[in-house]
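Here is the structure we will look at, set down as structure tokens.
The values are calculated or read from the model by the stated rules, or taken from the named source; none is laboratory data. Model, not experiment: these values are computed from the prediction. Here the Cβ is made from the backbone with ideal geometry for all residues, glycine too, and neighbour counts use every protein chain on show.
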Amino acid sequence: MHRTSSIDSDTNPRFRSWKRQIERGRKPRDADLTLVAGDKIVREVLQGKPEVIRYLLNPRGLPLGDLQEIPQHIEIVHLAPSLFRELDIFGTRTPVLLVLPPPLEPWEPASAADGAWLGIPFQDPSNVGAVIRSTAGLGAAGAVLLPGAASPWHPKAIRASAGAVFNVPMVRADTVPTAEDIPLVALDAGGMEICDYIFPARFLLLAGVEGPGLPEGLEPTATLALPMTDRVESLNAMVAASLALYEWRRRQVC
């Protein structure tokens, strides 16, 4: 039998703790629970990553239906509808999960697998999630969270990734890697045309942060430009990174 409980008051210690953790901001702590919301993502995480799930939260009175078939270790918590709405920050009105994701391990470039590694500097968790979705879809080796980047475990990042954060190797870099660690391929409008570049077997792809651009003092192995018209000055950095990954992937399979 599943453990079940009910929460009716906003003074309940567990409710208050969960709310603080969900709202903590773009850098939740490793020990924080985080929110997975959206019917499709919830079902996929239940099926594919049940070990990270601690609680299934449900508004009292909403039938669980086929979600009754969930692992026994997950506690089902029925909340008063008004309390559920406070935690259901995306307004899904369907059961949500509280998960404890694994901590991001330090990246060791020397032992990294071959392929494209995407360096992620973005401070907006939605951009982090979206580009991790591209990383998964285009078959990159993994994602490297650079200093200052938003957490991939932020609820907005999880939602924007469509759950891909649970399926992509992710590590953290406490400093920006150098070309001595691994070939660095940077994106910049002033670089050589990407069509003319031969990608190394293993490399780190870097797109600049919106505004500041690439990290100051960065000395990349190569700087590449995407083919663009003169109708815009630049592309969104997340879009540029995704397009560069596509070009790398195209050459692997075509």
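Considering the stretch 149-172, and only residues there that are out of contact with any strand residue (DSSP E or B) (no Cβ under 6 Å at 6 or more places or on another chain) and among the charged types (D, E, K, R), the residue that is surrounded by the most Cβ atoms within 10 Å (Cβ to Cβ) turns out to be ARG159.
For the stretch 136-173, enumerate the residues that are under 19 Å from ALA113 (Cβ atoms) and basic (Lys, Arg).
To start, the set of residues in the stretch 136-173 that are under 19 Å from ALA113 (Cβ atoms) comprises 136-146, 152, 164-173.
ARG172 - this is the single residue of the stretch 136-173 that is under 19 Å from ALA113 (Cβ atoms) and basic (Lys, Arg).
I'd like to check something: does the stretch 218-231 contain any residue that is modelled with pLDDT of 90 or more, in a loop (DSSP other than H, G, I, E, B) and either farther than 23 Å from TRP107 by Cα or hydrophobic (A, V, I, L, M, F, W, C) (or both)? No, the conditions are met nowhere in the stretch 218-231.
Only residues that are assigned to a loop (DSSP other than H, G, I, E, B) and within 16 Å of the chain's Cα centre (by Cα) were counted in the stretch 84-106, giving 5.
The single condition from (1) crowded, with 22+ Cβ neighbours inside 10 Å; (2) without any contact (Cβ under 8 Å) to a residue 60 or more places away in the chain; (3) more than 26 Å from MET228 (Cα to Cα) that VAL185 fails is (3).
When residues in the stretch 51-83 are screened for being over 26 Å from the mean Cα position of the chain (by Cα) and assigned to a helix (DSSP H, G or I), 6 of them pass. Has the stretch 33-41 got at least one residue that is closer than 30 Å to PRO200 by Cα, under 19 Å from the mean Cα position of the chain (by Cα) and modelled with pLDDT under 95? No - not one qualifying residue is present in the stretch 33-41. If you go through the stretch 135-148 and keep only what is buried (at least 24 other Cβ atoms within 10 Å of the Cβ) and in contact (Cβ under 8 Å) with a residue 60 or more places away in the chain, you end up with THR135, VAL144.
Kindly state which strands (runs of 3 or more DSSP E) lie completely within the stretch 148-211 and contain at least 1 residues that are within 9 Å of the chain's Cα centre (by Cα). Walk me through it before giving the result.
Numbers: elements: 170-172, 184-193, 202-206.
Ranges flagged: 170-172.
Among the listed residues ARG29, ARG85, ARG54, ARG93, identify the single one that is modelled with pLDDT under 90, of a type outside the set (Asp, Glu) and either under 17 Å from HIS154 (Cβ atoms) or surrounded by fewer than 20 Cβ atoms within 10 Å (Cβ to Cβ) (or both). I'd like the intermediate steps shown before the answer.
Values: ARG85 fails: modelled with pLDDT under 90; ARG54 fails: modelled with pLDDT under 90; ARG93 fails: modelled with pLDDT under 90.
When all the criteria are applied, what remains is ARG29.
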